[in-house]
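Q: Here you go, one structure.
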Amino acid sequence: MISIEDVSRKELEDLFLLADEMRGRRTDDLKGKIMASAFFEPSTRTRLSFESAMKRLGGEVIGFSSSEGTSIDKGESFSDTIRMLDRYSDVIVIRHRYEGAARRAAEVAEVPVINAGDGRGNHPTQAMLDLYTIWRKFGCIDGLTIGILGDLRYGRAANSFICGVSKYKVRLKLISPPPLRIRHEVRSKIGIDFEETFDLEKVLPELDVLYVTRIQKERFSDPSEYEKVKESYRITSSTLMKAKKDLVVMHPLPRVGEIDVSVDVTKHALYFDQAANGVPVRMALLKVIFGVV
Amino acid sequence: MISIEDVSRKELEDLFLLADEMRGRRTDDLKGKIMASAFFEPSTRTRLSFESAMKRLGGEVIGFSSSEGTSIDKGESFSDTIRMLDRYSDVIVIRHRYEGAARRAAEVAEVPVINAGDGRGNHPTQAMLDLYTIWRKFGCIDGLTIGILGDLRYGRAANSFICGVSKYKVRLKLISPPPLRIRHEVRSKIGIDFEETFDLEKVLPELDVLYVTRIQKERFSDPSEYEKVKESYRITSSTLMKAKKDLVVMHPLPRVGEIDVSVDVTKHALYFDQAANGVPVRMALLKVIFGVV
Amino acid sequence: MISIEDVSRKELEDLFLLADEMRGRRTDDLKGKIMASAFFEPSTRTRLSFESAMKRLGGEVIGFSSSEGTSIDKGESFSDTIRMLDRYSDVIVIRHRYEGAARRAAEVAEVPVINAGDGRGNHPTQAMLDLYTIWRKFGCIDGLTIGILGDLRYGRAANSFICGVSKYKVRLKLISPPPLRIRHEVRSKIGIDFEETFDLEKVLPELDVLYVTRIQKERFSDPSEYEKVKESYRITSSTLMKAKKDLVVMHPLPRVGEIDVSVDVTKHALYFDQAANGVPVRMALLKVIFGVV
């Protein structure tokens with residue numbers, strides 16, 4: 001499970017149905033199975049929801065939560081580290097700062113490898129839970145108007161979500177400051193029409209879903225440019241006055257100011273449910289991977 | 001479970017009886033339950049005894065042992081982090097450097113929150129195991145003469161212990177250098193008579209329990225003052241020659257010189273048993289919280 | 001389990017047979033048991049294979065993967081830390097940078113202590129899995145010609161392997177640069193004949209097993225001396241052209257250039273299997289220690 005592109009609509013649909021079944025469940029399906037939780041780059045949310053999912057299925061977890069103090073630190077090659085994990089576990093969940101790391105791991109390992117985010121590349125299980133969240137909210141994804149806001153150039157959550165959602169017949173609005181527009185190679189993979197804009201206010205009234213992502217200061221050469229963008233893309237409860245009554249606001253989290261806490265209490269806020277959906281979706285995925293469905 | 005003040009004598013008594021039952025036991029009472037072990041500030045003893053307790057009850061643990069590399073590091077708000085843990089687990093055990101953090105977490109989370117120490121504030125499960133240790137040793141707590149030695153101003157273990165023990169009819173001797181006397185707001189909460197002194201030697205012969213805590217150098221503006229206090233409050237086997245035959249010496253641990261190793265082999269030393277009691281007391285508490293008693 | 005010296009040939013043989021039984025198995029033998037994984041010094045391979053072994057036997061793990069943030073950091077004595085682990089767990093697995101740490105822990109603790117590497121001293125479970133790997137490959141160990149290459153002075157894996165293998169009737173070739181020859185106290189413990197040389201090329205054609213270890217730059221006062229040694233001891237597929245057809249190359253891993261990746265695809269490469277054997281050997285050892293064989 002390296003990229004959301006490798007997953008068909010049918011497979012996603014089956015996953016969503018299975019995730020629905022898994023909500024709140026505890027099983028012994030993966031009793032005796034061991035997940036290697038290989039977080040070369042730290043991540044709280046993704047790591048803990050994977051571990052929670054594995055344990056709710058009766059499985060066990062070994063691993064590390066940063067590359068500090070691992071044999072990588074001692075100069076071991078990435079391939080050798082993966083070969084070790086391959087022999088100590090039944091599935092490897094990997095987060096790494098370099099794009100392509102998960103694919104490389106999958107080439108080396110005999111056990112299944114799940115990409116939990118690699119560089120600016122892919123974060124397929126994030127896209128799965130994002131899509132599941134929309135599917136669950138609206139009953140379907142086709143026909144919706146979906147805006148994606150923020151750093152569409154470097155953000156892997158945004159990238160994977162764009163790839164995932166473009167499997168559906170949606171109207172796609174990509175909202176970003178010009179320097180953070182989607183990269184050429186992502187653009188060429190989107191099989192549906194989409195509109196690019198920097199103007200949130202203009203497209204907001206049409207949206208059913210507004211997917212917000214973080215914009216990092218480091219991406220701008222001119223700090224004042226960053227401040228301007230940051231301010232204009234900050235979502236507050238008043239921003240949403242011009243939105244559809246049923247608009248939902250999503251965010252892969254963590255947020256650092258992109259969505260004001262005033263939004264939390266509105267009916268638009270779906271990001272906490274979205275985060276919670278990480279557990280049943282990852283339970284479903286693990287069940288599929290181990291063939292216990 | 002935020003503060004020892006919220007717990008009645010009756011509840012403590014029930015907890016002690018249940019802890020007695022739990023000694024050395026392994027059960028499946030919490031099979032399928034997940035504890036989030038959220039140690040924003042490191043702690044070996046408290047964390048490992050909580051995790052040991054959870055696992056002895058058949059439960060599972062996810063979490064982190066320091067805030068390094070967590071989403072807090074990326075700028076996520078405390079509330080957002082707690083909301084995530086809330087959705088991935090069935091109980092949150094939280095240690096944090098800021099007073100009030102556990103109470104704030106309990107307001108945000110829907111699952112139960114256990115305070116494992118917040119700033120200079122509370123450390124209620126430490127007080128529970130301290131009281132349990134005395135109860136188990138003497139068969140009761142009422143009627144004893146209890147001395148508490150060290151940093152009574154900033155030490156959260158001492159604070160929680162003072163609040164806990166003052167639920168009983170004990171003679172309380174608070175022994176500390178003047179700058180480290182109990183704070184006004186703690187003083188006003190103690191419902192029983194107590195004596196404050198800096199003179200250990202004077203009160204030692206009366207004591208049934210001597211509860212020693214660490215004094216940190218940083219609390220003194222004058223280093224020579226610290227050295228003097230440190231030396232006069234250092235417990236050795238000869239210090240204890242003037243004590244009652246049945247005096248027990250306690251310490252929340254870790255100790256760094258307050259109690260000399262010469263005390264370890266005397267009958268007075270109760271601090272290792274005290275530390276060990278962390279497991280059955282926390283097992284009992286978890287059973288109460290999950291309603292499996 | 002502190003030193004490979006304490007283990008007899010008969011005990012090793014029984015362990016190997018049990019390890020063979022454990023390959024690929026998942027049991028409930030250690031259900032309810034808790035291992036304290038006390039890695040004061042980081043180690044990925046040893047830690048994860050111990051944890052994988054414990055979990056495959058149905059047991060649980062608590063612990064820490066570096067001394068950072070533990071109570072040792074706060075100034076607690078090693079003995080006090082061990083006493084705590086002793087009370088929270090059923091077996092302690094300890095890795096420490098100081099020679100003798102594991103033996104000290106075993107004196108303090110009541111539960112069994114397993115040495116997972118102490119300073120330049122011992123790494124007995126590494127020696128067990130090394131010997132098991134040879135035993136499994138050749139059906140026996142007696143009669144083989146075994147070369148050990150690298151840092152024989154400071155390397156604990158090499159030291160423990162030398163001690164372990166000299167329980168057998170093997171022809172031993174110790175290949176190292178003169179400053180990294182075995183220490184006097186190790187030399188005196190080897191009960192069999194052995195040859196010391198710096199010349200790999202000379203002895204290579206006789207070997208059935210070539211056990212390679214890492215040479216650390218810090219061991220040389222003259223950097224150019226290090227570079228020379230490093231180059232001449234680097235194993236590539238062409239190095240092995242002069243070797244026996246059935247020669248196996250082993251390495252405790254991680255490697256950082258001592259064995260070229262060109263060797264990985266040859267039939268000589270046994271180091272990945274060797275690493276994998278860590279799991280069944282440690283499962284067998286845990287079963288023996290808990291008396292569930």
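Q: Out of all the residues in the range B:239-248, is one or more of a type in the set (Gly, Ala, Ser), assigned by TED's automatic domain parsing to the domain that holds B:Val263 and at pLDDT 95 or above?
A: Yes, that holds for at least one residue.
Per-residue answers, yes or no, for (1) at pLDDT 95 or above; (2) within 13 Å of chain B (Cβ to nearest Cβ); (3) not in a helix (DSSP H, G or I):
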site	(1), (2), (3)
A:Arg47	yes, yes, no
A:Ala53	yes, yes, no
A:Asp73	no, no, yes
A:Ser79	yes, no, no
A:Met84	yes, no, no
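Q: Which pairs turn up if I take residues in the range C:6-34 that are free of Cβ contacts under 8 Å to residues at least 60 places away in the same chain and look for partners that are of a type outside the set (Gly, Ala, Ser) with beta carbon separation below 7 Å, at least 6 apart in sequence or on another chain?
A: These pairs meet every condition: C:Arg26/C:Arg56; C:Thr27/C:Leu57; C:Gly32/B:Arg26; C:Ile34/B:Lys55; C:Ile34/C:Glu60; C:Ile34/C:Ile62; C:Ile34/C:Asp90.
Q: Considering (1) at positive phi; (2) surrounded by fewer than 22 Cβ atoms within 10 Å (Cβ to Cβ), say which one C:Leu144 fails and leave the rest.
A: (1)
Q: Consider C:Leu12 against the criteria (1) more than 14 Å from chain A (Cβ to nearest Cβ); (2) touching a Lys or Arg at 6+ places or on another chain (Cβ under 6 Å): it satisfies all of them except one. Which criterion is unmet?
A: Of the numbered conditions (1) more than 14 Å from chain A (Cβ to nearest Cβ); (2) touching a Lys or Arg at 6+ places or on another chain (Cβ under 6 Å), the odd one out for C:Leu12 is (2).
Q: Only one of (1) among the aromatic types (Phe, Trp, Tyr); (2) buried (at least 24 other Cβ atoms within 10 Å of the Cβ); (3) in the same structural domain as C:Lys31 (by TED's automatic domain parsing) fails for C:Tyr98. Which number is that?
A: If we test C:Tyr98 against (1) among the aromatic types (Phe, Trp, Tyr); (2) buried (at least 24 other Cβ atoms within 10 Å of the Cβ); (3) in the same structural domain as C:Lys31 (by TED's automatic domain parsing), just (2) comes out false.
Q: Provide a single number: the residues in the range A:61-70 that are more than 9 Å from chain B (Cβ to nearest Cβ), open to solvent by 10 Å² or more (accessible area, probe 1.4 Å) and out of contact with any Pro (no Cβ under 8 Å at 6 or more places or on another chain).
A: Of the residues in the range A:61-70, 3 are more than 9 Å from chain B (Cβ to nearest Cβ), open to solvent by 10 Å² or more (accessible area, probe 1.4 Å) and out of contact with any Pro (no Cβ under 8 Å at 6 or more places or on another chain).
Q: Given the residues C:Lys167, C:Lys137, which is the only one that is open to solvent by 10 Å² or more (accessible area, probe 1.4 Å), over 24 Å from C:Lys202 (Cα atoms), in contact (Cβ under 8 Å) with a residue 24 or more places away in the chain and in contact with a strand residue (DSSP E or B) (Cβ under 9 Å, 6 or more places away or on another chain)?
A: Step by step, each of C:Lys167, C:Lys137 is checked, and only C:Lys137 is open to solvent by 10 Å² or more (accessible area, probe 1.4 Å), over 24 Å from C:Lys202 (Cα atoms), in contact (Cβ under 8 Å) with a residue 24 or more places away in the chain and in contact with a strand residue (DSSP E or B) (Cβ under 9 Å, 6 or more places away or on another chain).
Q: If you don't mind, there's one more thing I want to ask. Among what's in the range A:170-227 and is β-branched (Val, Ile, Thr) and farther than 20 Å from A:Leu131 by Cα, pick the residue that is nearest to the chain's Cα centre (by Cα).
A: Looking at the filtered set, the residue picked out is A:Ile215.
Q: Is it fair to say A:Met35 is within 13 Å of chain B (Cβ to nearest Cβ) and open to solvent by less than 10 Å² (accessible area, probe 1.4 Å)?
A: So A:Met35 fits the description; yes.
Q: So, in the range C:7-32, how many residues would count as being open to solvent by 60 Å² or more (accessible area, probe 1.4 Å) and of a type in the set (Gly, Ala, Ser)?
A: Here the count works out to 1.
Q: What is the one condition in (1) within 23 Å of the chain's Cα centre (by Cα); (2) open to solvent by 40 Å² or more (accessible area, probe 1.4 Å); (3) at pLDDT 95 or above; (4) β-branched (Val, Ile, Thr) that A:Val265 does not satisfy?
A: For A:Val265, the exception is condition (1).
Q: Considering A:Ile114, A:Ile162, A:Ile134, which residue is modelled with pLDDT of 95 or more, β-branched (Val, Ile, Thr) and closer than 23 Å to A:Tyr226 by Cβ?
A: When all the criteria are applied, what remains is A:Ile162.
Q: Can you tell me how many residues in the range C:170-209 are surrounded by fewer than 20 Cβ atoms within 10 Å (Cβ to Cβ) and among the hydroxyl-bearing types (Ser, Thr, Tyr)?
A: Residues that pass the stated criteria total 2.
Q: For the range B:24-45, give me each residue that is part of a loop (DSSP other than H, G, I, E, B) and small (Gly, Ala, Ser).
A: Hits for the range B:24-45 are B:Gly24, B:Gly32, B:Ser43.
Q: Among the residues of the range A:102-114, which ones are crowded, with 24+ Cβ neighbours inside 10 Å and over 19 Å from A:Lys33 (Cβ atoms)?
A: A:Ala102 - this is the single residue of the range A:102-114 that is crowded, with 24+ Cβ neighbours inside 10 Å and over 19 Å from A:Lys33 (Cβ atoms).
Q: Could you tell me which of the residues C:His123, C:His96 is under 16 Å from C:His251 (Cα atoms) and touching a strand residue (DSSP E or B) at 6+ places or on another chain (Cβ under 6 Å)?
A: None of the other options fit; the residue is C:His123.
Q: Exactly one condition in (1) open to solvent by 10 Å² or more (accessible area, probe 1.4 Å); (2) within 14 Å of another protein chain (Cβ to nearest Cβ) is false for B:Asn277; which is it?
A: For B:Asn277, the exception is condition (1).
Q: Have a look at C:Asp118, C:Asp73, C:Asp86 and point out the one that is open to solvent by 10 Å² or more (accessible area, probe 1.4 Å) and closer than 26 Å to C:Asp6 by Cα.
A: Selected residue: C:Asp86, the only one of C:Asp118, C:Asp73, C:Asp86 that is open to solvent by 10 Å² or more (accessible area, probe 1.4 Å) and closer than 26 Å to C:Asp6 by Cα.
Q: To continue, here is another question. If A:Ala127 meets every condition in (1) within 11 Å of chain C (Cβ to nearest Cβ); (2) touching a Cys at 6+ places or on another chain (Cβ under 9 Å) apart from one, which number is that one?
A: The single condition A:Ala127 does not satisfy is (1).
Q: Answer yes or no: is there a residue in the range C:13-23 that is over 26 Å from B:Ile62 (Cα atoms) and part of a loop (DSSP other than H, G, I, E, B).
A: For the range C:13-23, residues over 26 Å from B:Ile62 (Cα atoms) and part of a loop (DSSP other than H, G, I, E, B): present.
The values are calculated or read from the model by the stated rules, or taken from the named source; none is laboratory data. This one's a predicted model, so the numbers in the text were calculated from it and none came from an experiment. Cβ atoms come from the backbone with ideal geometry, glycine included; neighbour counts cover every protein chain shown. In case anyone asks, the SASA skips ligands and DNA or RNA and just uses the protein heavy atoms, side chains included. Shrake-Rupley method; radii C 1.70, N 1.55, O 1.52, S 1.80 Å.
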